[in-house]
Amino acid sequence: MGKLRKRKTAIIFGITGQDGSYLAELLLKKNYIIHGVKRRSSSANTERIDHLFDSLNFTSKNFFIHYGDISDGTSTLSIINKVKPDEIYNLAAQSHVRVSFDVPEYTADITALGALRILEAIRILKLKKTKYYQASSSEMYGLVKKRNSLNELTPFHPRSVYGVSKVFAFHAAVHYREAYGIFASNGILFNHESPRRGPTFVTKKIVQGLVRIKKGYQKKLTLGNLYAIRDWGHAKDYAISMWKILQYKKPDDWVIATNKETTVKTFVNKVAKKLDIKLKWTGKGEREKGIDQESKNVIVEIDKKYFRPSEVDFLKGDFSKAKKLLKWKPIYNTDDLIEDMISSELENS
Ligand code: NAP
Ligand code: GDD
């Protein structure tokens, strides 16, 4: 009889978020025992993971939820001490760039110091075998000098406290790797979306808005900068990369992207086209408008309240290192992503 392989245990900080839910799904399929950390809120806030409890892979012995908060070092250390996991995925963050201009100190506490608290727990508890994954961000590149694909060697120049905090968390992971020999890796994630994306991120806002306009539930979609360029992938693909990064033979830093660029305006046009809305643009700057050619109604307009004090104009990632060494590449392209987001929205709105 072959030797029985021990089941791996993982803690996911940020399990109630977009990525946490896809990662939990993936790890359950891979026979992991999962411990998700959830902060207390006035409503249940488990919509993205509720289905897991009814899934084929769920048993009451392989999926646990703990109350915790990465602003609280004691509870963070205590959960890690109780579970002593093989892998820790830090997906928890105040993850909205625009909001970080309103709550900078809070953003730094969660997004920067939260990561440090987890790393400190691993160090203090001397968990030599525990691997740590940090959800780093393409926002760290910020102000890019040349509009080429960005890679692991491109310098960082963050443009928000969110970006600054992610740079701190990135370097904290590298530092704990170098100083204490902890297996700490960074995925430098470019934008990734899905039907489970939060409603105030631009892709979800566009899909939700245009579907509701098409159904007659909403009159207008109000946006900010239409000319920012992003590299948009599907969160399902990015969850696979997180797992692969921790299975690699050594800790390292990895760009995860699709290497395709799309402006916000092109994203709007693609969604409108798929919904059979004929959109014509007029005007410039804050006066730019999208007009529905059938009804002649203005259905897209600009409000400067959605502009940021400093913008990241261009993000496109070169994922060739991950492709070569992790054998990771995205399955979904931007059109597949839009298709998935629209069909889910049509069903649920
Ligand atoms: P998300 O949907 O906003 O999820 C963030 C998660 O963090 C949620 O579960 C949230 O809990 C949790 N969280 C927030 N504050 C916390 C705290 N103080 N203690 C414990 N948990 C806390 O973000 P996402 O899109 O899944 O992204 C996952 C991670 O990847 C984030 O770190 C994000 O910054 C990073 N990232 C995302 C992208 C992207 O395009 N999606 C790209 C690069 C990097 P609640 O549900 O209670 O709010
Ligand atoms: N949110 C939002 N709302 N953004 C808008 C709007 C609007 O009404 N109108 C235009 N935009 C522009 C923003 O100015 C930005 O240039 C772009 O659309 C994308 O905005 P978001 O969807 O909010 O994402 P983000 O790029 O700022 O940040 C996301 O990606 C990062 C990785 O690059 C988040 O998921 C971060 O957590 C992540 O690290």
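Listed values, structure above:
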quantity	calculated
All positions within the stretch 304-330 that are within 29 Å of Lys214 (Cβ to Cβ), open to solvent by 60 Å² or more (accessible area, probe 1.4 Å) and not basic (Lys, Arg)	Tyr306, Phe307
From Arg230, Arg197, residue being in contact with an Asp or Glu (Cβ under 9 Å, 6 or more places away or on another chain), over 19 Å from Glu301 (Cβ atoms) and open to solvent by 10 Å² or more (accessible area, probe 1.4 Å)	Arg230
So Ala172, is it in contact with a helix residue (DSSP H, G or I) (Cβ under 6 Å, 6 or more places away or on another chain) and over 21 Å from Tyr238 (Cα atoms)	yes
Residue selected from the stretch 175-205 under the condition assigned to a strand (DSSP E or B) and closer than 15 Å to Asp340 by Cα, by the criterion farthest from the chain's Cα centre (by Cα)	Glu193
Inter-residue pairs, beta-carbon under 8 Å, first within 20 Å of Met140 (Cβ to Cβ) and polar (S, T, N, Q) and in the stretch 252-266, second open to solvent by less than 10 Å² (accessible area, probe 1.4 Å) and not in a strand (DSSP E or B), 6+ apart	Thr258/Phe190; Thr258/Asp231; Thr258/Trp232; Asn259/Asp231
Scan of the stretch 145-167 for residues that are assigned to a helix (DSSP H, G or I) and among the hydroxyl-bearing types (Ser, Thr, Tyr), ordered by number	Tyr162, Ser165
Of all residues making up the stretch 331-349, the number that are farther than 28 Å from Tyr217 by Cβ and open to solvent by less than 30 Å² (accessible area, probe 1.4 Å)	0
Failed item, numbered, when Asn269 is tested on (1) open to solvent by less than 20 Å² (accessible area, probe 1.4 Å); (2) more than 22 Å from Glu139 (Cβ to Cβ)	(1)
Entirely in the stretch 213-325, the strands (runs of 3 or more DSSP E) that have 3 or more residues that are within 28 Å of Phe101 (Cβ to Cβ) and under 22 Å from the mean Cα position of the chain (by Cα)	253-256
In the stretch 70-119, residue farthest from ligand 1 (Cβ to nearest atom) [restricted to those that are open to solvent by 50 Å² or more (accessible area, probe 1.4 Å) and charged (D, E, K, R)]	Lys84
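The values are calculated or read from the model by the stated rules, or taken from the named source; none is laboratory data. Nothing here was measured: the structure is a model prediction, and the numbers come from that model. Heads up, the Cβs are rebuilt from the backbone with ideal geometry, glycines too, and the neighbour counts pull from every protein chain shown. Accessible surface areas use protein heavy atoms only, side chains included; no ligands, DNA or RNA. Shrake-Rupley method; radii C 1.70, N 1.55, O 1.52, S 1.80 Å.
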